[in-house]
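Notes for the one structure printed next.
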Amino acid sequence: MNRLTIFLFFFTLSTMAQQVQDTLGKVKTSEEVANTKIIIGRPKNALKHYPLFIVDGKKYKTKKPEEDIKIANEDIENVVVFLPPEAKKRFDRRAKYGVVYMISKEGFQKAKEIASEIGKRRLNKKERQYREIWEVYQFNLAELSKLSDPSNQFDPTEERNSSEKTKN
């Protein structure tokens with residue numbers, strides 16, 4: 001009986017090790033990830049209205065963003081999604097269905113350089129485009145900081161009565 005228990009223990013351990021090894025074999029290498037394409041997909045006719053896509057300040061009003069927008073996955077620094085109310089305020093009525101704003105690594109670097117020049121001199125058209133990229137990036141940071149601020153987080157275990165709510 002003792003040998004049977006030991007055998008079952010090692011057999012189970014061996015089986016678990018094989019499962020872990022099989023799982024690790026499925027993990028993509030960094031080279032495979034670099035060759036991955038971004039596919040913006042959805043079921044056919046799922047959307048009647050499409051968001052405005054903006055890449056480094058260039059606007060794409062398209063129903064086929066995966067075909068019209070050429071940017072490599074590894075070239076993207078940041079993606080900011082604006083829901084319709086905020087998008088309309090920032091980007092006019094063309095953005096009434098929202099905005100997907102992509103910032104490339106190159107665009108981000110240029111925007112950082114231009115950010116130091118804002119207010120010091122008059123910016124040309126291209127520089128204003130990079131200023132917009134910087135502003136979008138800063139907006140995203142501000143929104144993320146609101147999410148991480150403990151005072152903005154809801155605590156479901158905290159009980160508050162109506163008199164406390166009216167005081168705040």
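No value in this document is a laboratory result; all are computed from the given coordinates. For clarity, every value in this text was computed on a predicted model and none was experimentally measured. Reconstructed Cβ throughout: ideal geometry from the backbone, glycine too, with neighbour counts over all protein chains shown.
Miscellaneous remarks
- In sequence order, calculated HN-Hα J values of region 122-131 (Karplus, 6.51, -1.76, 1.60; Hz; x Gly/Pro): 6, 8, 7, 4, 5, 5, 5, 5, 5, 4
- Debye, to nearest 20: dipole size of region 52-150, +1 on Lys, Arg Cβ, -1 on Asp, Glu Cβ: 700 debye
- Put in line by how crowded their Cβ is, counting other Cβ atoms within 10 Å and starting with the fewest, R128, R121 read R121, R128.
- Ranked for footprinting exposure by Cβ neighbours inside 10 Å, fewest first, D92, D75, D56 give D92, D75, D56.
- Global form of region 52-150, assessed from the alpha-carbon gyration tensor, a/c cut-off 1.5: rounded
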